[in-house]
Amino acid sequence: MPLASIALYWRAMDASQEPCLQTLVDSGLFDCASEHKADICIYGLAATQVVFRQDALVVAEQTDLKQINPAIDFCLPAHAGPALLRHVLQQASRQIQLKRQLQQQQAQQQQLTDIGLALSAEQDHHKLLQQILSAARHFGQCDAASIFLVDDSNNPAQLVFKLTQNDSLAINFTEQHFPLDDTSLAGHCVLSGETLNLEDAYQIPSQLGLHFNREFDQRTGYRTRSMLVIPMRGHEGRIIGVIQFINRKRHDVALTSAELTLCHTQAFDETMLPTLHSLVSQAAVAIENNLLLERIHQLFEGFVSASVRAIEQRDPTTSGHSFRVAELTSALAEAAHQHNQGELQALRFSHKQLRELRYAALLHDFGKVGVREHVLVKSKKLTPLQTIKFQYRLALQREHIRSRYLRRQLMLQQLHQLDADAEQQLHDDEQQELARLEQIRELVEAANEPSVLDEETLQHLGQLRDTRFIDLGDEPGPLFSEQEFLALAVKRGSLTEGERSEIENHVTHTIRFLQTIPWTAELQNIPIIAGAHHEKLDGSGYPNQLSADAIPPGARIMTICDIFDALTASDRPYKPALPVSRALDILGYDASAGKIDLPLYQLFCRLSHSHIIASLKNL
């Protein structure tokens, strides 16, 4: 720090000392200030009172140098001459400089610590880079700064120009990718691992073999002069990028022309490098941690998506359902977050909560892995094996009928009683019994569909329940088992009570499976949200018959989206897809009956249907 920044105050000095002090001030070596603001206060012998301050040095003349007030920093003998006075002031100034340098270093260390804490706490990658460049410009006292990161996901690796900041220019920045080679200053520092300190980027010493690309300067009119390029090393020593410090300023002015740049910039001196290296090292650790966290999120996202796809492969008919529900749930949650009227104005979701809700929506059917596959994929009331057995029994009855009538025909022929009328009667009787079997087949085939079972069909099934037929051992037996009858008698859908209970238990399985995962704090509610997507506000849902107050807002949102997708999905073989308008009507009945959240349903209806339909088609 220059001496001119040190302020003097003096009082009660003799005639030979006054001109000396005034000359020091007039020459610009010192400033002049009041007694309470000066850095050095000088008191002559005639001074009746001395003011002692912790932030100022006291220089005082003493008649008896053996008895010195310990509060006096520099003691002068009586009537000290100008030369001695200058020498003492020089020593006092040096002490002030050292003290200020120490304070500056301590302040920088504290600032570096604060910056390190701030960088380590920032999880948004773009905001982190902005903070790093702001700190770089502050500590480097420079007009601009840029950051480049190595992208080794490609082969060969690339250098990515991630961000730049400039006090003098408003820059419409777009991320750029470059080959990782030594044709650029940043690439050279990455490959060599060396710090590059240039006094003037336009006048790089030829022995360095480097070239500065002036394209940006030519396009914007900016003048890049002093430049410091420091590699960022990760915790394993691998260079992950560089930070460029550009145009260290002498004064805080906008560098709007080449002339101003040449006048007001200077080189980065060696005393700055330790601090800037420390900052760059902290930035490297923060970026590496941030990228690691981002990759963990990507890994988890991939694991969740792969898990959902693996589970949905067990039931290809509902493939894509979980992804569609997640898309719709996220859209409705974001719409609710932005809604500022009525009951929903208090419903707000943070970024982390939206991510938690999306994962819960993706995993809401995770428990289907615990449901037997033939129940999970059951599209008819009878299982495929039961259908085959029934068809085989019918075929066996047909053969019994044909065989019986052939035996009768043979017997009549042997008795010479087989005339045309008898043969026609046998044929008519045979066709009548076969026609009855065909009616039974059609009846069972109709009852086997998962549509609504009418009472007439149910009565016919009841009559067939007690009808006996000949089995393989020529013994009378039922045409279908009790279990098959109960399945065919289901009035709606394809599942028996037991099978429906097993399907509904997938929610319990979901809760149990998800509870075994050691979720982080921001994802810990996933089992609760996913496990409540079949609960109803009136307590009629499952598996826990939760009341309205116990159902999380995220689960209420997911319930609407889950029902909507189940109604409109075109990939269900056991039912046709409903039009969006009809699906919304059905949801409206549930909302009016107090089963689902009415304000959320009304907001869902106001969402862009084109967005909803696009979501269903794209996922």
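The values are calculated or read from the model by the stated rules, or taken from the named source; none is laboratory data. In this text, all values refer to a predicted model and were calculated from it rather than measured experimentally. Don't worry about glycine lacking a Cβ; one is built from the backbone with ideal geometry, like all the others, and counts go over all protein chains shown. Areas reflect the complete protein model, heavy atoms only, side chains present, ligands, DNA and RNA absent. Shrake-Rupley method; radii C 1.70, N 1.55, O 1.52, S 1.80 Å.
Summary table below
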quantity: Matching option when the condition is open to solvent by 60 Å² or more (accessible area, probe 1.4 Å) and farther than 30 Å from THR271 by Cα, among ASP26, ASP55; calculated: ASP26
quantity: Residues satisfying the stated conditions in the range 330-386, i.e. under 18 Å from GLU504 (Cα atoms), without any contact (Cβ under 8 Å) to a residue 60 or more places away in the chain and among the small types (Gly, Ala, Ser); calculated: none
quantity: Residues of the range 436-470 that turn out to be among the hydrophobic types (A, V, I, L, M, F, W, C), at pLDDT 80 or above and open to solvent by less than 50 Å² (accessible area, probe 1.4 Å), as a count; calculated: 5
quantity: Pick from the range 557-568, criterion surrounded by fewer than 24 Cβ atoms within 10 Å (Cβ to Cβ) and without any contact (Cβ under 8 Å) to a residue 60 or more places away in the chain, ranking: nearest to LEU328 (Cα to Cα); calculated: ILE563
quantity: The range 344-386, subset closer than 14 Å to LEU523 by Cβ, open to solvent by 40 Å² or more (accessible area, probe 1.4 Å) and charged (D, E, K, R), residue farthest from the chain's Cα centre (by Cα); calculated: ARG358
quantity: The range 139-156, subset out of contact with any strand residue (DSSP E or B) (no Cβ under 6 Å at 6 or more places or on another chain) and either among the aliphatic types (A, V, I, L, M) or assigned to a loop (DSSP other than H, G, I, E, B) (or both), residue most open to solvent (accessible area, probe 1.4 Å); calculated: ASN155
quantity: Residues located in the range 344-372, provided they are among the polar types (S, T, N, Q) and part of a helix (DSSP H, G or I); calculated: GLN345, GLN353
quantity: Only one of LEU273, LEU291 that is modelled with pLDDT of 90 or more, surrounded by 14 or more Cβ atoms within 10 Å (Cβ to Cβ) and either out of contact with any Ser or Thr (no Cβ under 6 Å at 6 or more places or on another chain) or more than 30 Å from LEU196 (Cα to Cα) (or both); calculated: LEU273
quantity: Residue count, the range 157-203 (criterion: part of a loop (DSSP other than H, G, I, E, B), open to solvent by less than 30 Å² (accessible area, probe 1.4 Å) and closer than 19 Å to THR224 by Cα); calculated: 3
quantity: Hey, GLY241 surrounded by 20 or more Cβ atoms within 10 Å (Cβ to Cβ), among the small types (Gly, Ala, Ser) and either in contact (Cβ under 8 Å) with a residue 12 or more places away in the chain or more than 25 Å from GLY193 (Cβ to Cβ) (or both) or not; calculated: yes
quantity: Within the range 255-270, tally of residues that are open to solvent by 50 Å² or more (accessible area, probe 1.4 Å), under 42 Å from the mean Cα position of the chain (by Cα) and not charged (D, E, K, R); calculated: 1
quantity: 3 or more residues closer than 21 Å to ALA446 by Cβ: qualifying helices (runs of 4 or more DSSP H) within the range 460-546; calculated: 482-488
quantity: Selected residue (criterion: most open to solvent (accessible area, probe 1.4 Å)) from residues of the range 300-343 that are basic (Lys, Arg) and part of a helix (DSSP H, G or I); calculated: ARG309
quantity: Every residue from the range 395-405 that is open to solvent by less than 30 Å² (accessible area, probe 1.4 Å) and touching a strand residue (DSSP E or B) at 6+ places or on another chain (Cβ under 9 Å); calculated: GLN397
quantity: Search result, residues across the range 116-138 that are touching a residue at least 40 places away in the same chain (Cβ under 8 Å), in a helix (DSSP H, G or I) and polar (S, T, N, Q); calculated: SER120
quantity: Out of GLN95, GLN91, GLN101, sole residue that is surrounded by 11 or more Cβ atoms within 10 Å (Cβ to Cβ) and in contact (Cβ under 8 Å) with a residue 40 or more places away in the chain; calculated: GLN101
quantity: Meets criteria (surrounded by fewer than 16 Cβ atoms within 10 Å (Cβ to Cβ), more than 41 Å from the chain's Cα centre (by Cα) and of a type outside the set (Asp, Glu)) for ARG500; calculated: no
quantity: Odd one out for GLU522, checked against (1) open to solvent by 20 Å² or more (accessible area, probe 1.4 Å); (2) of a type in the set (Asp, Glu); (3) under 19 Å from VAL308 (Cα atoms); calculated: (3)
